[in-house]
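Visitor: Below you'll find the structure I mean.
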Amino acid sequence: MTNSNIRVRFAPSPTGPLHIGGVRTALYNYLFAKKHGGSFILRIEDTDQTRFVPGAEQYIVDAFNWCGLTFDEGVTVGGDYGPYKQSDRKELYKSFTEELLEKGHAYYAFDTPEELGAVRIQYESEKKTFIYNYEERKRLRNSITLGAEETNKLIDEGSPFVIRFRMPEDETVIMNDIIRGKVEVNTSVLDDKILFKSDGMPTYHLANIVDDHLMKISHVIRGEEWLPSLPLHVLLYDAFGWEKPEFAHLPLLLKPDGNGKLSKRDGDRLGFPVFPLQWTDPKTGGISSGFREDGYFPGAFVNMLAMLGWNPGDEREIFSLEELTEAFSLERVGKSGAKFDPVKAAWYNHQYLVKEDDEVLANLLMPIAIENGYFVEIEQLVNAVSMVKDRANFVKDLWGQLDFFFVRPETYDEKAVKKRWKADSYDQMEELKGVISGIPDFTSENTEKVVKQWIEDKGYGMGMIMNAFRLVIVGALKGPHLFDIIELLGEEETLERIDQGLHEIGRKE
Ligand code: GLU
C-alpha cells in the first residue's frame with residue numbers, strides 16, 4: 001500500500017506486442033510513481049474489439065515481469081479501483097454517456113458509414129476535407145437536426161447510432177503539459193469525436209477519461225501521439241465537471257537516423273528488435289525479434305530505455321532501477337524526439353555484462369557450450385569467462401571469445417601464419433617445450449617469468465616468440481593474456497598444442 005495521492009497508470013491496448021516506446025512510457029510512469037511513493041497501475045484498454053489480438057495482453061504482462069517493473073494495482077494484481085480491464089467495465093460507461101447527453105455535451109448521430117463515405121467522396125472531389133464538426137453536423141442526421149421525437153423513434157426502431165461529443169464552436173482550450181508547457185487550441189479546428197459506438201462500447205476517449213477519473217489518476221504520462229487528443233479530454237473533464245489530472249506527453253522514439261518515428265515495422269528490417277520480447281504473430285506465424293531473446297539483460301534494457309528522452313543532468317549513464325527512481329523527474333524529460341541507437345543499446349548490455357558475476361555468466365553460457373558439443377567443467381568456464389568478458393556485449397558472444405580454452409585449434413589463421421610464423425619459429429617452439437615442461441607451479445606468473453627469461457637469455461625477439469606461441473595455442477592472434485590461457489590449459493595440454501601446431505604448420509622454408 002502506498003500513502004500518497006500520486007496515482008499513475010499505464011493503459012495499453014492489447015492490439016499486438018508492446019513496442020519499446022510503450023515500455024518507456026510505462027517505465028517513466030513507474031519511476032514517477034515510485035519516486036513520490038505513489039501507485040503504478042496497469043489498465044487494459046480493450047474497447048476496440050476489432051483490433052483485439054489474442055496473446056497481446058499476456059505479452060504485456062510477461063514483458064513487465066521480465067523488465068522487473070511491478071504494478072501496485074491492475075489486471076494481474078487487482079486493487080480497490082477495479083476491474084482494470086475496460087471490457088469488464090462496459091456497463092459503467094453508459095451512465096456517463098447519458099450524463100453528457102442530458103447536459104447537452106453529446107448527441108446521437110445516425111449517419112451510416114455509407115452516408116458518411118458519400119459525403120467524404122463529394123468533399124474530396126471539391127478538394128476539401130470532411131470533418132464532422134460544429135458546421136457539418138447541421139447538415140447531417142443527428143439528434144440536433146432531427147429533434148427529440150424523431151430521435152426517440154429511430155432509437156426505438158433499433159436504428160444503429162453513435163454518440164458524439166458536441167465540440168463547442170470557437171472556444172480557446174488552454175492546456176498545461178508538464179513537459180511542453182502551455183498549449184492552446186481553438187475548438188473550431190476540432191471534430192465531434194465519437195464517444196460511444198454502435199456496438200455498445202465506448203471509444204478510447206470516453207473510457208479513458210471516465211477511468212482516469214474513477215481510478216483517481218493524478219498524472220497522465222503518455223506518448224506524444226496522444227497530444228492531439230488532449231483538448232477533447234480536457235473538454236470532457238470540464239463537461240463532467242471533474243477535476244483534471246496533470247498531463248505529461250513524452251517525446252517520440254525516433255529511428256536511428258532520426259528520420260521519423262521508430263515504428264513496429266522498423267525492427268527486424270533495420271536489424272534490431274523494437275519489442276522487449278520475441279513475438280509470434282498469431283495470424284501469420286511471423287516472428288519479430290525481442291531484446292530478451294537477443295540476449296539483453298533486463299537491467300541493461302531498462303537503463304538504456306530510461307536514457308531515451310530523459311537525462312540526469314550530469315554525465316552518469318549507468319543506473320539501476322533504484323538509482324533511476326532516485327534521479328528521475330519529469331522536468332528532465334526532453335521535448336524533442338529521442339533517437340534509438342542500436343550500437344549504444346549493445347554498449348549498455350556490455351556494461352552490465354562486465355559487472356555481472358563470472359559464475360552467473362558461466363552458468364548462462366553453459367547451455368551454449370553444450371549446444372556446441374562441449375561438456376566443460378563449470379570452474380574452467382568461470383575462469384575463462386573472467387578473462388574474456390570485457391570483449392563481449394552479449395553472453396552468446398562469449399563462447400566465440402573463449403572456445404579455444406576447450407577446443408584445440410582446428411585451423412591456424414592463414415594470414416597470421418604467413419606474417420608471424422618465421423623461419424626460426426619451428427625450432428624456437430620446439431625449444432620452448434623444453435623450457436616450460438616441468439615448471440613446478442604452472443601458474444601464469446611462473447610460466448611468464450620462465451619464458452621471458454629464456455627469451456632474454458637467448459636474445460630472441462619477444463614479439464616473434466609470443467606471436468608464434470599464441471598461434472599454436474589459440475590458432476589465431478586473439479585472446480587474453482597468453483600466460484593466463486596456458487595456466488588454465490595446464491602443462492600437458494599446452495605441450496600437446498605446441499606439438500600439434502608444429503605438426504600442422506610445419507617448418508617455414
Ligand atoms: N490505450 C492508449 C494506448 O494504447 C492509452 C493512451 C493513454 O495513455 O491515454 O496507448
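Visitor: Residue check, TYR93 against (1) surrounded by fewer than 18 Cβ atoms within 10 Å (Cβ to Cβ); (2) over 25 Å from the mean Cα position of the chain (by Cα); (3) within 15 Å of the ligand (Cβ to nearest atom), all met but one. Which one?
Guide: Condition not satisfied by TYR93: (1).
Visitor: For VAL385, indicate whether it is over 16 Å from LEU482 (Cβ atoms) and modelled with pLDDT of 95 or more. Reasoning before the result, please.
Guide: Working: over 16 Å from LEU482 (Cβ atoms): yes; modelled with pLDDT of 95 or more: yes.
Spelling it out, VAL385 is indeed over 16 Å from LEU482 (Cβ atoms) and modelled with pLDDT of 95 or more.
Visitor: All but one of (1) in contact with a helix residue (DSSP H, G or I) (Cβ under 6 Å, 6 or more places away or on another chain); (2) within 16 Å of the ligand (Cβ to nearest atom) hold for MET167, so report the exception by its number.
Guide: The single condition MET167 does not satisfy is (2).
Visitor: Among the residues of the stretch 240-264, which ones are closer than 30 Å to THR172 by Cβ, more than 12 Å from the ligand (Cβ to nearest atom) and surrounded by 20 or more Cβ atoms within 10 Å (Cβ to Cβ)?
Guide: Quick first cut of the stretch 240-264, residues closer than 30 Å to THR172 by Cβ only: 240-252, 261.
Then keep just the ones that are more than 12 Å from the ligand (Cβ to nearest atom); that gives 240-244, 246, 251-252, 261.
Scanning the stretch 240-264 gives a single hit, PRO251.
Visitor: On to the next question. Condition test on LYS182, is it farther than 30 Å from ARG332 by Cβ and exposed (fewer than 14 other Cβ atoms within 10 Å of the Cβ)?
Guide: On the way: farther than 30 Å from ARG332 by Cβ: no; exposed (fewer than 14 other Cβ atoms within 10 Å of the Cβ): yes.
Taking the combined requirement at face value, the residue does not satisfy it.
Visitor: Would you be able to tell me the number of residues in the stretch 140-151 that are over 18 Å from LEU190 (Cβ atoms) and either acidic (Asp, Glu) or part of a helix (DSSP H, G or I) (or both)? Walk me through it before giving the result.
Guide: Step one: list which residues in the stretch 140-151 are over 18 Å from LEU190 (Cβ atoms), which gives 141, 143, 145-151.
With the extra rule that they be either acidic (Asp, Glu) or part of a helix (DSSP H, G or I) (or both), the set shrinks to 143, 145-151.
Of the residues in that region, 8 qualify.
Yes or no, residue by residue, for (1) away from the ligand (no atom under 14 Å from the Cβ); (2) in contact with a Cys (Cβ under 8 Å, 6 or more places away or on another chain); (3) among the acidic types (Asp, Glu):
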{"site": "VAL8", "(1), (2), (3)": "no, no, no"}
{"site": "THR15", "(1), (2), (3)": "no, no, no"}
{"site": "ILE20", "(1), (2), (3)": "no, no, no"}
{"site": "LEU31", "(1), (2), (3)": "yes, no, no"}
{"site": "PHE40", "(1), (2), (3)": "no, no, no"}
{"site": "GLU45", "(1), (2), (3)": "no, no, yes"}
{"site": "ASP48", "(1), (2), (3)": "no, no, yes"}
{"site": "VAL61", "(1), (2), (3)": "yes, no, no"}
{"site": "LEU69", "(1), (2), (3)": "yes, no, no"}
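Visitor: I've got another one for you. Taking only pairs six or more apart or across chains, which ones have beta-carbon atoms under 6 Å, a first residue in the stretch 369-396 that is closer than 24 Å to ALA346 by Cα, and a second residue that is basic (Lys, Arg)?
Guide: Nothing qualifies.
Visitor: Quickly run through the stretch 175-191 and pick out the residues that are more than 16 Å from VAL220 (Cβ to Cβ), outside any strand (DSSP E or B) and either of a type in the set (Val, Ile, Thr) or in contact (Cβ under 8 Å) with a residue 60 or more places away in the chain (or both).
Guide: THR187, VAL189, ASP191
Visitor: Further question: Only one of PHE32, PHE96 is touching a Ser or Thr at 6+ places or on another chain (Cβ under 9 Å), part of a helix (DSSP H, G or I), touching a residue at least 60 places away in the same chain (Cβ under 8 Å) and within 23 Å of LEU214 (Cα to Cα); which? Steps first, answer last, please.
Guide: Working: PHE96 fails: touching a Ser or Thr at 6+ places or on another chain (Cβ under 9 Å).
After applying the criteria, what remains is PHE32.
Visitor: Check MET466 against each of (1) out of contact with any Asp or Glu (no Cβ under 9 Å at 6 or more places or on another chain); (2) exposed (fewer than 14 other Cβ atoms within 10 Å of the Cβ); (3) within 21 Å of LYS422 (Cα to Cα) and name the one condition it does not meet.
Guide: Of everything listed in (1) out of contact with any Asp or Glu (no Cβ under 9 Å at 6 or more places or on another chain); (2) exposed (fewer than 14 other Cβ atoms within 10 Å of the Cβ); (3) within 21 Å of LYS422 (Cα to Cα), MET466 misses just condition (2).
Visitor: From the set of residues in the stretch 295-332 that are in a loop (DSSP other than H, G, I, E, B), under 17 Å from the mean Cα position of the chain (by Cα) and of a type in the set (A, V, I, L, M, F, W, C), which is surrounded by the most Cβ atoms within 10 Å (Cβ to Cβ)?
Guide: Across the stretch 295-332, the extreme among qualifying residues is LEU308.
Visitor: Moving on. Select, from GLU135, GLU149, the only residue that is of a type in the set (Asp, Glu), at negative phi and at pLDDT 95 or above.
Guide: Details: GLU135 fails: at pLDDT 95 or above.
Among GLU135, GLU149, only GLU149 is of a type in the set (Asp, Glu), at negative phi and at pLDDT 95 or above.
Visitor: Right, next: For the stretch 85-93, indicate whether the set of residues that are in contact with a Phe, Trp or Tyr (Cβ under 6 Å, 6 or more places away or on another chain) and either touching a residue at least 60 places away in the same chain (Cβ under 8 Å) or closer than 27 Å to GLU331 by Cα (or both) is non-empty. Step through it out loud before you land on a result.
Guide: Step one: filter the stretch 85-93 for residues in contact with a Phe, Trp or Tyr (Cβ under 6 Å, 6 or more places away or on another chain), giving none.
No - not one qualifying residue is present in the stretch 85-93.
Visitor: Quick check on GLY22: is it under 23 Å from LYS255 (Cβ atoms) and either surrounded by fewer than 24 Cβ atoms within 10 Å (Cβ to Cβ) or in contact with a Pro (Cβ under 9 Å, 6 or more places away or on another chain) (or both)? Steps first, please.
Guide: Details: under 23 Å from LYS255 (Cβ atoms): yes; either surrounded by fewer than 24 Cβ atoms within 10 Å (Cβ to Cβ) or in contact with a Pro (Cβ under 9 Å, 6 or more places away or on another chain) (or both): yes.
Taking the combined requirement at face value, the residue satisfies it.
Visitor: Could you please give the count of residues in the stretch 50-59 that are within 14 Å of the ligand (Cβ to nearest atom) and either at pLDDT 95 or above or of a type in the set (Asp, Glu) (or both)? Steps first, answer last, please.
Guide: Quick first cut of the stretch 50-59, residues within 14 Å of the ligand (Cβ to nearest atom) only: 51-53, 56-57, 59.
From what is left, the residues that are either at pLDDT 95 or above or of a type in the set (Asp, Glu) (or both) are 56-57, 59.
Selection size over the stretch 50-59: 3.
Visitor: Of the residues in the stretch 175-227, how many are of a type in the set (Ser, Thr, Tyr), out of contact with any strand residue (DSSP E or B) (no Cβ under 7 Å at 6 or more places or on another chain) and more than 16 Å from the ligand (Cβ to nearest atom)? Walk me through it before giving the result.
Guide: At the first step, the residues of the stretch 175-227 found to be of a type in the set (Ser, Thr, Tyr) are 187-188, 198, 203-204, 218.
Applying the additional criterion that residues be out of contact with any strand residue (DSSP E or B) (no Cβ under 7 Å at 6 or more places or on another chain) yields 188, 204.
Narrowing further to those that are more than 16 Å from the ligand (Cβ to nearest atom): 188.
Residues in the stretch 175-227 being of a type in the set (Ser, Thr, Tyr), out of contact with any strand residue (DSSP E or B) (no Cβ under 7 Å at 6 or more places or on another chain) and more than 16 Å from the ligand (Cβ to nearest atom): 1 in total.
For (1) modelled with pLDDT of 95 or more; (2) under 24 Å from ARG137 (Cβ atoms), each residue gets a yes or a no:
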site: LYS197; (1), (2): no, yes
site: GLY223; (1), (2): yes, no
site: LEU227; (1), (2): yes, no
site: ALA239; (1), (2): yes, yes
site: GLU246; (1), (2): yes, no
site: ASP266; (1), (2): no, no
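Visitor: Another one. Go through the stretch 35-67 residue by residue and tally those that are in contact (Cβ under 8 Å) with a residue 60 or more places away in the chain, of a type in the set (Gly, Ala, Ser) and in contact with a Gly (Cβ under 8 Å, 6 or more places away or on another chain). If you could, list the steps in order and put the result at the bottom.
Guide: Filtering the stretch 35-67 for residues in contact (Cβ under 8 Å) with a residue 60 or more places away in the chain gives 35, 38, 41, 43, 45, 47-49, 53-55, 59, 62-63, 66-67.
Cutting the leftovers down to of a type in the set (Gly, Ala, Ser) gives us 38, 55, 63.
If we keep only those that are in contact with a Gly (Cβ under 8 Å, 6 or more places away or on another chain) too, we end up with none.
Of the residues in the stretch 35-67, 0 are in contact (Cβ under 8 Å) with a residue 60 or more places away in the chain, of a type in the set (Gly, Ala, Ser) and in contact with a Gly (Cβ under 8 Å, 6 or more places away or on another chain).
Visitor: Given the conditions (1) within 20 Å of THR25 (Cβ to Cβ); (2) within 16 Å of the ligand (Cβ to nearest atom); (3) of a type in the set (Phe, Trp, Tyr), and given that TYR237 satisfies all but one, which numbered condition is not satisfied?
Guide: (1)
The values are calculated or read from the model by the stated rules, or taken from the named source; none is laboratory data. Just so you know, these numbers come straight off a predicted model, no measurement behind them. Neighbour counts run over all protein chains shown; Cβ positions are idealised from the backbone, glycine included.
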